[in-house]
Amino acid sequence: ENVVFHGGLKVFSTLDTKAQAFAVQALGQGLGRLDDLMGIGKREEIRPQGALVSVETGSGAIRALVGGRDYFTSEFNRAVNSRRQAGSGFKPFVYYTAFKDKGLHPGSIMTDKPVIIPVSGAPDWEPQNFENRFSGNMALKTALTRSVNTIAAQLVEMTGPGAVIDTARQCGLKSDLKEVYSIALGTSGVTVLEMASAFSVFASMGIRHDPFLVKRVEDPLGRILFEHIVQDKKVLEPALAYQVVDMMRAVVDTGSGRS
């Protein structure tokens, strides 16, 4: 501790100050829109919170990290310490697992229909779509683009929840993931940092880089005491990762994430 405060150490962060400023602004604007939608005023004590993480694909360097709407109001870092349900953000792990283990592909046809999955020692699981309607036969790319829950449920029934969790683990998720069918809809709590890092594995065509915040530490004389060495680890099959990325792109271009 004395060396840190009195020794003149130089600590080089991965954060990009311009990206960090944009991240703070973007989160504030997004939460402001949410306040308006929910009819919540600025003076109210209970307001929605949020977090944002930007991870550099190809290295794992964290370029921006925002843990809440105002540090001076709440020091709790939601980007790193808060575990919330990922929801449909978890579906890419499901689709990749189905492609790898069951030989499916984005053009495979499945049926959006009522689904009942028996659960040992518990009530049957009957997942519903967000719009509470069914659209019949569709390609898997369309199913992810529209975020169809019933098809994700059928996929996890085919692969088993354990296989989906294995894929998530390979991508770097370390939180406790419950081995239940509803894992397909992201019901286990994860952090924003974990999800950003895991998504970067798809973006790098299956290469995993563990996220990091400190690049280098030097002593007062400029001698390097610590330096982060970027290490590549291939965890996903590139051809399958590419197919999942193409589907994810469609989600934001024309699908449920276009807003």
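The values are calculated or read from the model by the stated rules, or taken from the named source; none is laboratory data. Please read these numbers as outputs of a predicted model, since none were measured by experiment. We place every Cβ from the backbone using ideal geometry, glycine too, and count neighbours over all the protein chains shown. These accessible areas exclude ligands, DNA and RNA; they are computed on the full protein's heavy atoms, side chains included. Shrake-Rupley method; radii C 1.70, N 1.55, O 1.52, S 1.80 Å.
At a glance:
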| read-out | value |
| --- | --- |
| Of all residues making up the range 201-227, the number that are in contact with a Lys or Arg (Cβ under 8 Å, 6 or more places away or on another chain) and either aromatic (F, W, Y) or buried (at least 21 other Cβ atoms within 10 Å of the Cβ) (or both) | 4 |
| Output for the range 21-53, where each listed residue is part of a loop (DSSP other than H, G, I, E, B) and either at positive phi or touching a helix residue (DSSP H, G or I) at 6+ places or on another chain (Cβ under 7 Å) (or both) | G39, R47, P48, Q49, G50, A51 |
| Unique match (being over 13 Å from the mean Cα position of the chain (by Cα) and at pLDDT 95 or above) among D124, D166 | D166 |
| Hits in the range 60-98 - residues which are open to solvent by less than 10 Å² (accessible area, probe 1.4 Å), under 17 Å from V190 (Cβ atoms) and assigned to a helix (DSSP H, G or I) | A79, F90, K91, P92, F93, V94, Y96, T97 |
| Test result for T150, touching a strand residue (DSSP E or B) at 6+ places or on another chain (Cβ under 8 Å) and either in contact (Cβ under 8 Å) with a residue 12 or more places away in the chain or of a type in the set (K, R) (or both) | yes |
| Residue match in the range 120-136 (condition: of a type in the set (S, T, Y), touching a Gly at 6+ places or on another chain (Cβ under 7 Å) and open to solvent by 10 Å² or more (accessible area, probe 1.4 Å)) | no |
| Residue within the range 11-20 that is in a helix (DSSP H, G or I), among the acidic types (D, E) and surrounded by 14 or more Cβ atoms within 10 Å (Cβ to Cβ) present | no |
| Complete set of residues in the range 170-187 that are of a type in the set (S, T, Y), under 20 Å from A152 (Cα atoms) and either free of Cβ contacts under 8 Å to residues at least 60 places away in the same chain or open to solvent by less than 10 Å² (accessible area, probe 1.4 Å) (or both) | S182 |
